[in-house]
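All remarks here apply to the structure that follows.
The values are calculated or read from the model by the stated rules, or taken from the named source; none is laboratory data. Just so we're clear, the structure is a prediction, and the values are computed from it rather than from any experiment. Ideal geometry is used to build each Cβ from the backbone, glycine not excepted, and the neighbour counts take in all protein chains shown. Note: accessible area is taken over every heavy atom of the protein model, side chains too, but ligands, DNA and RNA are not part of it. Shrake-Rupley method; radii C 1.70, N 1.55, O 1.52, S 1.80 Å.
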Amino acid sequence: CNCFSVVEPRLVTWNVQRVGYGDGTGKTAWIIDTGVDLDHPDLNVDQQRSRSFIAGQTSAEDENGHGTHVAGVIGARNNRIGTLGVASGSNLVALKVLNQVGEGLLSGVVAALAYVGRNARPGDVVNMSLGLEQTSETLDRAVVSVASRGVLFAIAAGNDRQPANNYSPGRVNHPNVFTVSAIDSVGNFARFSNYGNQAVDYAAPGVRITSTYLRGGYARLSGTSMAAPHVAGLLLLNGPRLSTVGTARNDPDGTPDPIAGR
């Protein structure tokens, strides 16, 4: 009998094909973002551990779409619908710190990190596709505190076309923290992406990425927010010792970022 699942080719999008993919069943990603579509049919959302860190909101339900898109890149199920995540079927914990227009408070992000620190296990992965418009020692220390417990982080470099070292938490340097710049489908450095080898560890696909979205749907988005969850998925599958699949072309800092891969 045929005892293994076969993914239809149309479900493996170019970006996931580029970095590689595998079975994430039993592994956990904590997504600090706008929440997640809690009952999306293509996502395995851990509703019991999901939380809102926005005053007056008790549900981690996504009202923006950003967090749901990130979640699908990490862990969209290996099934016959939609897309395939890098670590398909992984447990996705929604930690809502941004509202319907993508805004939130630093205190909410720090509270979410503290929650992860109390509840995550070594080898779990946190995805932070968000950032401040400046640096924050408070935020950076909170990330390092959790990372020091063996939790792995994928963090978006930012979309300002500036050195990533000028922004938190993208500037954090720690053996368990990986800041991610963006490339397009032919390996060119994305024109919007922050850069700089002081902060950036890997590049990953972040231009015209198709993934899960609100109300059980799908959408195509661009940004380093889309690049980071590729690395989050790879960290779930491989741990902190990632492989590479080439380097980004036209990296503005002159030292091409390695492209993360399986």
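Count the net charge of all other residues whose Cβ sits under 14 Å from the Cβ of Gly261, scoring Lys and Arg as +1 and Asp and Glu as -1. Before the final figure, lay out the partial values.
On the way: positive: Arg18, Arg241, Arg262; negative: Asp201, Asp257.
Around Gly261, the charge tally is +1.
When the helices in the chain are scored as -39500 (n - 2.57) per DSSP H run of 4 or longer and the sum is shared across all residues, what 222 nm value do you end up with, to the nearest 500 deg cm²/dmol?
Working: 5 runs with 56 residues, N = 262.
Dividing the helical sum by the residues of the chain leaves -6500 deg cm²/dmol.
Of all the accessible heavy-atom surface of the chain, with the other protein chains kept in place and a 1.4 Å probe, what percent is carbon and sulfur? Mind showing how you got there, number by number?
Details: 5010 of 10750 Å².
About 47 percent, which is the carbon plus sulfur part of the accessible surface.
Sort 119-128, 220-229 by the packing proxy (mean of other Cβ within 10 Å over each peptide's residues), most packed first. Spell out each step's value before the answer.
Values: 119-128: 21.0, 220-229: 25.1.
By packing density, highest mean first, the sequence is 220-229, 119-128.
Given Cα pairs under 8 Å that are at least 6 residues apart, what percent is the relative contact order of the chain? Walk me through the numbers on the way to the answer.
Numbers: 732 pairs, mean separation 55.9, N = 262.
It comes to 21 percent, rounded to a whole number.
Which far-off residues, 5 or more places away or on another chain, put their amide H under 5 Å from the one on Ser88, with H placed in the peptide plane?
Distant-sequence amide H within range of Ser88: Gly22, Gly24.
Does the chain come out rounded, prolate or oblate by the C-alpha gyration tensor, with a ≥ b ≥ c the root eigenvalues, rounded set by a/c under 1.5 and, if not, prolate when a/b is larger than b/c and oblate if not? Please report the intermediate quantities before stating the final value.
Numbers: a/c = 1.44, a/b = 1.05, b/c = 1.37.
In terms of gyration-tensor shape, rounded.
Any idea which of Ser193, Leu234, Gly67 is furthest toward the positive side of the dipole for the chain, if Lys and Arg beta-carbons carry +1 and Asp and Glu beta-carbons -1?
In the chain, that residue is Leu234.
Under a 1.4 Å probe, what is the accessible area of the chain per residue, stated in Å²?
Details: 10750 Å² over 262 residues.
Per residue, the chain has an accessible area of 41 Å².
Kindly provide the trypsin sites (Lys or Arg not before Pro) of region 148-190 that DSSP labels as loop, not H, G, I, E or B, and whose Cβ sees at most 12 other Cβ atoms within 10 Å. Don't skip to the answer; put the middle values down first.
Numbers: sites: Arg149, Arg161, Arg171; in loops: Arg149, Arg161, Arg171.
Listed in order of number, the matching sites are Arg161.
With a/c under 1.5 counting as rounded, go ahead and sort region 134-262 into rounded, prolate or oblate using the C-alpha gyration tensor (a ≥ b ≥ c being the square roots of the eigenvalues; past the cut-off, prolate if a/b is larger than b/c, else oblate). The partial results should precede the final answer.
On the way: a/c = 1.35, a/b = 1.17, b/c = 1.16.
The shape class here is rounded.
Mind jotting down the distance between the C-alpha centroids of region 111-128 and region 145-200, whole Å?
18
Working out 0.36 nm times the residue gap between Arg262 and Ala114, then minus their Cα-Cα distance, what length gain in nm do you get to one decimal?
Numbers: separation 148, 0.36 × 148 = 53.28 nm, distance 3.01 nm.
Stretched fully, the Arg262-Ala114 segment lengthens by 50.3 nm.
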